[in-house]
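Each value in this text was obtained by applying a stated rule to the coordinates, not by laboratory testing. Keep in mind the model is a prediction, meaning the values are calculated, not measured. As a convention, Cβ positions derive from the backbone with ideal geometry for all residues, glycine included, and neighbour counts pool all protein chains shown.
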Amino acid sequence: MARKKEISKDKILDTAYKMAIKDGIEGLTARSIAKAGHFSTQPLYLEFENMEDLRAQVLERISDDLRTHTLQQKYTGEPLIDLDLSYIDFAQKHVNLFRAMFVDGKVIADTLMDLAIEKFNEQYSDTDYDQDKVRDIVVANWISTTGMAALVVNEIASFNQNQIINVLDAQIHDAMLNDRLSETQENPMFAADDEASLKDNLA
C-alpha cells in the first residue's frame, strides 16, 4: 500500500503564497519555505519541477487573487479609477511584493493590463476606440498609477484620495483626446521650421 503524502502541494503553495504576500518573491527558496511550513525540503522537489516552477505557480495564485479580490475594491463607482486606487492601496500594504512584481511578475503584468482594459471598456462603454487606442490609453494610465504608487511606497511624496483621482482623471482624459504613445504622432516642437530657434518653438 502506497504511503500517504504527509505534505500536500496545496500546503506548500499556501505557505509560499503567504511568504510572497508578506516579503515578496525573492525570498522564496526551498529552505525558507520548508522552515516557514515546518517540513523538510523533500516534498518541494516531489511536487514541483524546480523552484522556478514553484515561483511561477505562486505568481499565478497572486495574479488570480489580484483579479478576483484585491483590485476589485469600490471607491468612486468609476471602474478604471477604482482599479487604480485599489492598486495603490495594494502597493502600500504589500511593499516588498509590489517591488518584486515587475522583476519576475510578467503573469501579473498581463493580468493588470487585461483587467485595466476590461475596466476601461466598462467605464467608457459609449466609446468606439479600436483595440490599439484602448491599449495606449491603459498603458498611459498604468504609467501614472505605477508612478504614484512608487512615489508613495518610497515615501517620496504623499497624496490624498482626491489628489490621486484628480491626477488620474486628467491623465485618462488626456490619453483619450491625444495619441501621445502613437508612433505616428508628430511632436509640434520638432515639426516647426528647421530654421526656427528652440526659443521660438518654446515661446
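Structure above, values below:
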| item | result |
| --- | --- |
| Test: residue in the stretch 129-146 that is surrounded by fewer than 16 Cβ atoms within 10 Å (Cβ to Cβ) and outside any helix (DSSP H, G or I) | yes |
| THR76 among the hydroxyl-bearing types (Ser, Thr, Tyr) and under 11 Å from the mean Cα position of the chain (by Cα) | no |
